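Down below is the structure, laid out as structure tokens.
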Amino acid sequence: VAVVCVSNINRSMEAQSILRRKGLSVRSFGTESHECTDFFDVIFTCEESVYDTVVEDLCSREQQTLQPVHVINMDIEDSLESATLGAFLICELCQCL
């Protein structure tokens, strides 16, 4: 699982922390640091502009494995309280998947 927000401070880091406590393999990124070649089953984004950036990046890459990836946007306000609530919602969705 990957979680991406603009700056990789509040939203993605909070989600990473909670998902790791649930035993999931997760990495967090900011849009400036998303140059990653790892493979993910699910990528969560924390706002629509980040979703657009991630999808654009994925579409511009040369296909290597043809492995599908689900990109799911959850609009989460960039505040500590919203980041915590959003992280629990992302965790709940991961458990359902």
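The values are calculated or read from the model by the stated rules, or taken from the named source; none is laboratory data. It should be emphasised that the depicted structure is a prediction, and the values quoted were computed from it without experimental measurement. Note that each Cβ is placed from the backbone with ideal geometry, even for glycine, and that neighbours are counted across all protein chains shown. SASA here: full protein model, heavy atoms, side chains in, ligands and nucleic acids out. Shrake-Rupley method; radii C 1.70, N 1.55, O 1.52, S 1.80 Å.
To the nearest 20 debye, what is the magnitude of the charge dipole of the chain about its Cα centre, counting +1 on the Cβ of each Lys and Arg and -1 on the Cβ of each Asp and Glu?
Computed charge dipole of the chain: roughly 540 debye.
Sort region 1-66 into rounded, prolate or oblate with this rule: let a ≥ b ≥ c be the square roots of the eigenvalues of the Cα gyration tensor; rounded if a/c is under 1.5, and if a/c is not under 1.5, prolate when a/b is larger than b/c, oblate otherwise.
Taking the square roots of the gyration eigenvalues as a ≥ b ≥ c, region 1-66 is oblate.
What accessible area per residue, rounded to a whole number of Å², is obtained for the chain using a probe radius of 1.4 Å?
Solvent-accessible surface per residue comes out at 62 Å².
Just to be sure I follow the definition: excluding the sites themselves, where is the longest run in the chain that has none of the GluC sites (Glu not before Pro) in a DSSP loop with at most 15 other Cβ atoms within 10 Å?
1-34
So what's the angle, to the nearest 10 degrees on a 0 to 90 scale, between helix 11-21 and the longest Cα principal axis of the chain?
Rounded to the nearest ten degrees, it is 80.
Can you send over the carbon and sulfur percentage of the accessible area for the chain, probe radius 1.4 Å, protein chains only?
Looking at the chain in its full context, I get 50 percent from C and S.
Are there any chymotrypsin sites (Phe, Trp or Tyr not before Pro) in region 3-87 that are in a DSSP loop and have at most 13 other Cβ atoms within 10 Å? List them by number.
Phe39
Apply the Karplus curve 6.51 cos²θ - 1.76 cosθ + 1.60, θ = phi - 60°, to the phi angles in region 81-95 and return the couplings in whole Hz, x for Gly and Pro.
Values per residue, Gly and Pro as x: 5, 5, 4, 5, 4, x, 5, 5, 5, 4, 4, 4, 5, 4, 5 Hz.
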